[in-house]
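A.B. asks: Sending over a structure as structure tokens; questions will come in a sec.
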């Protein structure tokens, strides 16, 4: 119940065009986003999401912030995965809270919309996918 209320209030705030800031309580997105960092989330339409974006969704028990790795517009579904995790999870469009646009690490804000960070994300996403593909290939042969 508390998560549903929190998500509702967050969506209302985002609907007014105001970004929100939340403290991270997990290392599932490390090394970029770690426990204690602050993420800034802005409203986003699923039509404006791109593979590689970091998205916050509402689950039954909590809010989850992971990287978008696939999307099916007709099924209104996105697949998200934490960094270095092998398994992705599907979520419906209506579970999307917003897109992470900045991360505060210690006292410094990182603007994730900058061209530099877009390049870093592309490279990191490619390397993580390659690494996970190699791990999967090795496990199949053991």
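The values are calculated or read from the model by the stated rules, or taken from the named source; none is laboratory data. Keep in mind the model is a prediction, meaning the values are calculated, not measured. Cβ: placed from backbone, ideal geometry, glycine included. Neighbour counts: every protein chain shown.
A.B. asks: Restrict the check to the stretch 108-123 and report whether at least one residue is surrounded by fewer than 19 Cβ atoms within 10 Å (Cβ to Cβ), at pLDDT 90 or above, in contact with a helix residue (DSSP H, G or I) (Cβ under 9 Å, 6 or more places away or on another chain) and over 21 Å from residue 18 (Cβ atoms).
C.D. replies: no
A.B. asks: May I pose another question? Answer yes or no as to whether residue 75 is within 16 Å of the chain's Cα centre (by Cα) and not in a strand (DSSP E or B). Can you show your working first?
C.D. replies: Numbers: within 16 Å of the chain's Cα centre (by Cα): no; not in a strand (DSSP E or B): yes.
In short, no.
A.B. asks: Please work out if residue 12 is touching a helix residue (DSSP H, G or I) at 6+ places or on another chain (Cβ under 6 Å), over 23 Å from residue 113 (Cβ atoms) and either modelled with pLDDT of 90 or more or surrounded by fewer than 12 Cβ atoms within 10 Å (Cβ to Cβ) (or both).
C.D. replies: On the way: touching a helix residue (DSSP H, G or I) at 6+ places or on another chain (Cβ under 6 Å): no; over 23 Å from residue 113 (Cβ atoms): yes; either modelled with pLDDT of 90 or more or surrounded by fewer than 12 Cβ atoms within 10 Å (Cβ to Cβ) (or both): yes.
When the stated conditions are applied, residue 12 does not pass them.
A.B. asks: Here's something else I'd like to know. Among the residues in the stretch 85-105, are any more than 30 Å from residue 135 (Cα to Cα) and free of Cβ contacts under 8 Å to residues at least 24 places away in the same chain?
C.D. replies: yes
A.B. asks: Turning to a different aspect of this structure: Quick check: anything in the stretch 35-55 under 12 Å from the mean Cα position of the chain (by Cα), surrounded by 15 or more Cβ atoms within 10 Å (Cβ to Cβ), farther than 18 Å from residue 113 by Cβ and in contact (Cβ under 8 Å) with a residue 40 or more places away in the chain?
C.D. replies: Scanning the stretch 35-55, I find no residue that is under 12 Å from the mean Cα position of the chain (by Cα), surrounded by 15 or more Cβ atoms within 10 Å (Cβ to Cβ), farther than 18 Å from residue 113 by Cβ and in contact (Cβ under 8 Å) with a residue 40 or more places away in the chain, so the answer is no.
A.B. asks: Still on this structure, I have one more. Hey, any hits in the stretch 70-93 for a residue that's in contact with a strand residue (DSSP E or B) (Cβ under 8 Å, 6 or more places away or on another chain), buried (at least 21 other Cβ atoms within 10 Å of the Cβ) and over 28 Å from residue 139 (Cα atoms)?
C.D. replies: No, the stretch 70-93 contains no residue that is in contact with a strand residue (DSSP E or B) (Cβ under 8 Å, 6 or more places away or on another chain), buried (at least 21 other Cβ atoms within 10 Å of the Cβ) and over 28 Å from residue 139 (Cα atoms).
A.B. asks: Any idea which residue in the stretch 1-34 is farthest from residue 108 (Cα to Cα), counting only those that are part of a loop (DSSP other than H, G, I, E, B), touching a residue at least 24 places away in the same chain (Cβ under 8 Å) and over 13 Å from the mean Cα position of the chain (by Cα)?
C.D. replies: 17
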